[in-house]
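See below for the structure under consideration.
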Amino acid sequence: MPQREIEPFLRYVDLKREYVPSFDVYPFNIPAVKSLHRLEFHPQVTYFIGENGSGKSTLLEAIAILEGFNPEGGSRNFNFSTADTHSDLADYLRGASGARRVRTSDSYFLRAESFYNVATEIDRLEVQGGYGGSLHHRSHGESFFSLITERFRGNGLYLLDEPESALSPKRQLSFLTRMHDLLETGSQFIIATHSPIILAYPHSTIYQFSEQGIETIRYEDTDHFQITQIFLSRREAMLRELLKEPETE
């Protein structure tokens, strides 16, 4: 697949370090946030990976708020709140949009943990038509897949936090296909994920969040790829080690 020259909707974010009250308090004490300096986005797909608590979802949420999204998810038109749990990190970020930003025809922020609340708001606003019907009348996986097939129109900016939580491995493969179709319309994705399948899109930048901060990493060097590959190729040996079971003669 040849990579096309595309001007991104969102070029980068940076931390306004001079205004941070203290790097000893949350969320500024997270190593990934503390070391944040001008994080450049790939014009097509940017991935955030890392262990739980590494700050990837915290930063993605802050970017979404900076871009005008509701903290709990949805489009920029959504304005509801069921719980005020987001950090104030967005107040200390600055972003740079590309020249195409004014021509964005679509946008969406998905948070897996609050997707139920978004579905409830969709029903309340009676806008189910754009989603292929009420999302509450389908399974979690079916609702999410309807979101990306029915609601995502293309030529847009999409921020997704752990989309794999709703999808089977087969559906994750279908997600890659749908994402590729949307990218062909000029879309841009920023995705926080643990899935080696979703992480595999070739035209992308992968940022790893760790105690050392944020750094780029090759797909083949990620734990997501290496651990999955080792487990599938040496399943019985790894299970014996993990479960401390003796070898059978």
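The values are calculated or read from the model by the stated rules, or taken from the named source; none is laboratory data. These numbers come from a predicted model, not from an experiment. No Cβ is skipped: glycine too gets one built from the backbone with ideal geometry, and neighbour counts run over all protein chains shown.
Quick notes on this one:
The rows are residues; the columns are (1) closer than 28 Å to F28 by Cβ; (2) in contact with a Phe, Trp or Tyr (Cβ under 8 Å, 6 or more places away or on another chain).
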{"position": "H180", "(1), (2)": "no, yes"}
{"position": "L183", "(1), (2)": "no, yes"}
{"position": "G186", "(1), (2)": "no, no"}
{"position": "H194", "(1), (2)": "yes, no"}
{"position": "S204", "(1), (2)": "yes, yes"}
{"position": "S210", "(1), (2)": "yes, no"}
{"position": "E220", "(1), (2)": "no, no"}
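- Residue match in the stretch 236-249 (condition: out of contact with any strand residue (DSSP E or B) (no Cβ under 7 Å at 6 or more places or on another chain), small (G, A, S) and at pLDDT below 95): yes
- Of residues in the stretch 225-238 being surrounded by 12 or more Cβ atoms within 10 Å (Cβ to Cβ) and of a type in the set (A, V, I, L, M), the one farthest from G50 (Cα to Cα): A237
- Restricting P31, P21, P27 to residues that are surrounded by fewer than 20 Cβ atoms within 10 Å (Cβ to Cβ) and out of contact with any Gly (no Cβ under 9 Å at 6 or more places or on another chain) narrows the list to P21.
- Some residue of the stretch 207-215 being of a type in the set (S, T, Y) and at pLDDT 95 or above: yes
- Being in a helix (DSSP H, G or I) and closer than 30 Å to Y12 by Cβ is not true of L173.
- Residue within the stretch 194-201 that is at pLDDT 95 or above, closer than 18 Å to H42 by Cβ and touching a strand residue (DSSP E or B) at 6+ places or on another chain (Cβ under 6 Å) present: yes
- Test: residue in the stretch 75-88 that is at pLDDT 90 or above and out of contact with any Gly (no Cβ under 9 Å at 6 or more places or on another chain): yes
- All positions within the stretch 149-170 that are more than 17 Å from Y47 (Cα to Cα), in contact (Cβ under 8 Å) with a residue 12 or more places away in the chain, in a helix (DSSP H, G or I) and not hydrophobic (A, V, I, L, M, F, W, C): T149, E150, R151, P169
- Screening F175 with (1) more than 17 Å from I197 (Cα to Cα); (2) modelled with pLDDT of 75 or more; (3) surrounded by 20 or more Cβ atoms within 10 Å (Cβ to Cβ) gives one miss only, at (1).
- Per this entry, P71 is counted among residues that are under 14 Å from the mean Cα position of the chain (by Cα), part of a loop (DSSP other than H, G, I, E, B) and at pLDDT 55 or above.
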